[in-house]
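What follows is one structure encoded as structure tokens, with my remarks underneath.
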Amino acid sequence: STLMVSAATAQTSTPAMAPDIPAKFDTAVPNADYVKRDVMIPMRDGVKLHTVIVIPKGAAHAPMVLSRTPYNASGRAQRNVSPSVLATVGQGDEVMMENGYIRVFQDVRGKYGSEGDYVMTRPVKGPLNDTRTDHTTDAWDTIEWLVKNVPESNGKVGMIGSSYEGFTVLMALVDPHPALKVAVPMSPMVDGWRGDDWFHNGAFRLPNLSYIAGQTAAKGSGKTLATGVYDDYEGVLRAGSTADYSKQFGLDQLNFTRKLFEHPAYDSYWQHQALDKILGKRQMKVPTMTVVGYWDQEDIYGAHAFYSAVEPQDTANNKNFLVVGPWRHSGVNYEGSSLGVLKFTGDTALEFRRDVMQPFLDQYLKDGAPVADTPPVLFYQTGVNRWQRLPRWPLACEQGCPAPLKPVYLKPGFKLDFDAPKDGAAYDEYVSDPAKPVPFVPRPVHMNDANVWRPWLVSDQRGVSDRTDVLSYVSEPLKTRLQIAGAAMVNLYASTTGSDADWVVKLIDVYPDEVPSQPELGGYQLGIAMDIFRGRYRNSLEHPSAIVPNAVEKYRFALPNANHVFLPGHRVMVQIQSSWFPLYDRNPQTYVQNIFYAKPADYQKATLRVYHAGAQSSALELPVVENK
Ligand code: PG9
């Protein structure tokens, strides 16, 4: 019968026990409008880096845009399995591909398909890196290869990328290949201690532990922590110190965890890899548009730090550009018409990519493209929701800006205004109990939930404003607009009965009781600029010192940059608290040598006082600018 014949035929050609998974196999993509090339590019030390090149069919004299990633180049080059190049690359790359670009993704050394060792945010060659290579040389060698081996290209290369990929863009600028014509670092990780991923002003960011497991437990995708607890607030609290928490999962055996635990202070390990410091000393050669989200919950510090470090070199105002949109971390590459409860005037991320970034890239990468009309600074002004083209940033600061900072004072009775306090109680106090830290978002806190993590910086601060361990100072409803443009400076006079303390300070826009067109915003407390400072670093970031119990000391630190209009009817609020958990590790409030290893007995309740009298008038110095 027919059945018997076909069975016999099958047996002779493919044995029944032939293994069914080949070493390598890709399904054909019929009618694709692109080709994908997978190559191994040799570096100067012989290590080969896996690189995926996506080329629109028929491309000729096309620019190339490179991203160097620890997040899987093949995955970055395959949002969907599709014959359409727009569906294949990420949402953030669509405009580029519509304009005929070649898109290149490369695995950094030691990750996914690349050879070599992986070192987390590998430091530049120098005191911390005694090898012949770093991300600067790897970018150089890659660009050298690309311009010689991609015949469809015009030999001009741009680099782009967000976060870790933004860090690799900045690393390429340390000694850029001559074919690198333009750079767009987005939310780049610049200084892991001052205010990007690992710490903020010395307070450790606990979500890093699961990131380290995901990133360094294996060459490919790493491991997920089996926490066994949905509410991370509970799970982390129960464990005790950060070292004890890490130990449960064996994370203390990973080298990068060890490096973090060995360098809790801003010592040479951190200073020597801070890219703003490194690039501030180099001559700026490549036009660079640095991009960051206003509410960037991971790397809110680095873009501004880099921009201001290199700005003095840009005397002709044609190399250093800054863009800040109303986005979460990396939100620039997705849909940008809302964030949490906030709604903007359309897809702000697409507007930026299509109307600002693309002409900027074209100017430097496309043969014969016109000069783009790029403002030195493009900043989405929150509160009034509009893009602002600015000649410089910031507009108000301590020194050297068009406007100075203007203190708004914390006052007795939990008031806030521009006049210094004249009478009334000298201080307010609260008890901070490390056994009941203030949650950074309402419990249960499931940190892996993207819906919690991504928009958390715009979450309603009413969730904590009435806790007895949170002080909330609020102004009268504003009669006229109050506009700020820069970084507010905290000037806090405070004491504690303990010998160490964290200070969390939040500048908040309190909406009117009723917002007719969006009722859920009635009374909303929107964080405009918020940060934490670990008290032991008040006199030196590098050399911590114990706080003298009950002595009034000064804590001075900058909040993240803001370009905001507080509208009439709104109120300005300043909140102060001493924990922000489990985003930040708990300060035991007893001075210990290394907080990572604090013992259970070190965690002690303390009474903290915030002073508002005479020479000890605590204030937030605001970058107020004239409202036009
Ligand atoms: N914020 C992430 C990161 C960058 C650099 C080091 C560690 C983490 C990221 O989004 O890539």
| request: With the condition kept exactly as written, say whether any residue in region 97-112 is of a type in the set (A, V, I, L, M, F, W, C) and part of a helix (DSSP H, G or I). | output: yes
| field | Members of region 70-85 found to be among the hydrophobic types (A, V, I, L, M, F, W, C) and crowded, with 18+ Cβ neighbours inside 10 Å, listed by number | value | Ala73, Ala77, Val85
| Every residue from region 109-146 that is open to solvent by less than 40 Å² (accessible area, probe 1.4 Å), among the hydrophobic types (A, V, I, L, M, F, W, C) and under 22 Å from Ile55 (Cβ atoms) | Ala139, Ile143, Leu146
| note | The number of residues in region 430-463 that are in contact (Cβ under 8 Å) with a residue 40 or more places away in the chain, among the hydrophobic types (A, V, I, L, M, F, W, C) and outside any helix (DSSP H, G or I) is 6
| Lys223 versus (1) more than 11 Å from the ligand (Cβ to nearest atom); (2) in contact with a helix residue (DSSP H, G or I) (Cβ under 8 Å, 6 or more places away or on another chain); (3) in contact (Cβ under 8 Å) with a residue 24 or more places away in the chain: which is the lone unmet condition? | (3)
| task | Consider only pairs whose beta carbons are under 8 Å apart and that are at least six residues apart or on different chains; among these, list those whose first residue lies in region 482-504 and is at pLDDT below 95 and whose second residue is surrounded by fewer than 24 Cβ atoms within 10 Å (Cβ to Cβ). | result | none
| Quick check: anything in region 46-58 open to solvent by 70 Å² or more (accessible area, probe 1.4 Å) and in a strand (DSSP E or B)? | yes
| task | Take region 228-258 and flag every residue that is closer than 25 Å to Glu542 by Cα, touching a residue at least 40 places away in the same chain (Cβ under 8 Å) and not aliphatic (A, V, I, L, M). | result | Ser241, Thr242, Phe256, Thr257
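Per-residue answers, yes or no, for (1) within 16 Å of the ligand (Cβ to nearest atom); (2) open to solvent by 30 Å² or more (accessible area, probe 1.4 Å); (3) β-branched (Val, Ile, Thr); (4) touching a residue at least 40 places away in the same chain (Cβ under 8 Å):
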{"site": "Arg282", "(1), (2), (3), (4)": "no, yes, no, yes"}
{"site": "Met289", "(1), (2), (3), (4)": "no, no, no, yes"}
{"site": "Asn318", "(1), (2), (3), (4)": "no, yes, no, no"}
{"site": "Tyr334", "(1), (2), (3), (4)": "yes, yes, no, yes"}
{"site": "Tyr364", "(1), (2), (3), (4)": "no, yes, no, yes"}
| request: Go through region 181-214 residue by residue and tally those that are outside any loop (DSSP other than H, G, I, E, B) and either open to solvent by 10 Å² or more (accessible area, probe 1.4 Å) or within 17 Å of Trp580 (Cα to Cα) (or both). | output: 11
| query | Limited to region 568-600, what total is found for residues that are within 30 Å of Pro512 (Cα to Cα) and surrounded by 16 or more Cβ atoms within 10 Å (Cβ to Cβ)? | reply | 13
| Answer residue from region 298-313, given it is open to solvent by less than 10 Å² (accessible area, probe 1.4 Å) and not aliphatic (A, V, I, L, M) and is nearest to the ligand (Cβ to nearest atom) among those | Asp299
| query | Out of region 141-169, which residues are closer than 22 Å to Glu115 by Cα and over 25 Å from the mean Cα position of the chain (by Cα)? | reply | Asp141, Thr142, Ile143, Glu144, Trp145, Leu146, Val147, Lys148, Asn149, Val150
| field | The listed residue being under 30 Å from Arg536 (Cβ atoms), modelled with pLDDT of 95 or more and either aliphatic (A, V, I, L, M) or within 16 Å of the ligand (Cβ to nearest atom) (or both), out of Asn208, Asn201, Asn129 | value | Asn208
| Filtered residues of region 543-562 (kept if open to solvent by 70 Å² or more (accessible area, probe 1.4 Å) and part of a loop (DSSP other than H, G, I, E, B)) | His543, Val548, Asn550
| note | Within region 452-494, residues being of a type in the set (D, E, K, R) and within 15 Å of Thr382 (Cα to Cα) number 1
| In region 497-530, how many residues are open to solvent by 10 Å² or more (accessible area, probe 1.4 Å), assigned to a strand (DSSP E or B) and either touching a His at 6+ places or on another chain (Cβ under 7 Å) or within 13 Å of Asn201 (Cβ to Cβ) (or both)? | 1
| said: For the condition in contact (Cβ under 8 Å) with a residue 12 or more places away in the chain, more than 16 Å from the ligand (Cβ to nearest atom) and open to solvent by 10 Å² or more (accessible area, probe 1.4 Å), what is the one hit in Gly383, Gly346? | reply: Gly383
| said: Quick check on Leu225: is it open to solvent by 10 Å² or more (accessible area, probe 1.4 Å) and either among the aliphatic types (A, V, I, L, M) or under 17 Å from Phe167 (Cα atoms) (or both)? | reply: yes
| said: I need the full set of residues from region 137-180 which are assigned to a loop (DSSP other than H, G, I, E, B) and within 16 Å of the ligand (Cβ to nearest atom), in order please. | reply: Ser163
| message | Which of the numbered conditions does Ser67 fail, given that it passes all the others? Conditions: (1) within 16 Å of the ligand (Cβ to nearest atom); (2) surrounded by fewer than 19 Cβ atoms within 10 Å (Cβ to Cβ); (3) of a type outside the set (A, V, I, L, M, F, W, C); (4) not in a loop (DSSP other than H, G, I, E, B). | response | (2)
| said: What's the number of the only condition in (1) in contact with a helix residue (DSSP H, G or I) (Cβ under 7 Å, 6 or more places away or on another chain); (2) open to solvent by 10 Å² or more (accessible area, probe 1.4 Å); (3) not aliphatic (A, V, I, L, M) that Pro326 fails to meet? | reply: (2)
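Let's see how each residue does on (1) among the aliphatic types (A, V, I, L, M); (2) modelled with pLDDT of 95 or more; (3) on the phi < 0 side of the Ramachandran plot:
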| site | (1), (2), (3) |
| --- | --- |
| Ala10 | yes, no, yes |
| Ala18 | yes, no, yes |
| Pro22 | no, no, yes |
| Phe25 | no, no, yes |
| Ala32 | yes, yes, yes |
| Lys36 | no, yes, yes |
| Met40 | yes, yes, yes |
| Leu49 | yes, yes, yes |
| task | State whether the residues of region 602-618 include one that is polar (S, T, N, Q), under 15 Å from Leu492 (Cα atoms), in contact with a His (Cβ under 7 Å, 6 or more places away or on another chain) and part of a loop (DSSP other than H, G, I, E, B). | result | yes
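The values are calculated or read from the model by the stated rules, or taken from the named source; none is laboratory data. Values in this document were obtained by computation on a predicted structure and should not be read as measured data. Positions of Cβ are generated from backbone atoms using ideal geometry, with glycine treated the same way; all protein chains shown enter the neighbour counts. These area figures cover heavy atoms from the full protein model, side chains too; ligands, DNA and RNA do not enter into them. Shrake-Rupley method; radii C 1.70, N 1.55, O 1.52, S 1.80 Å.
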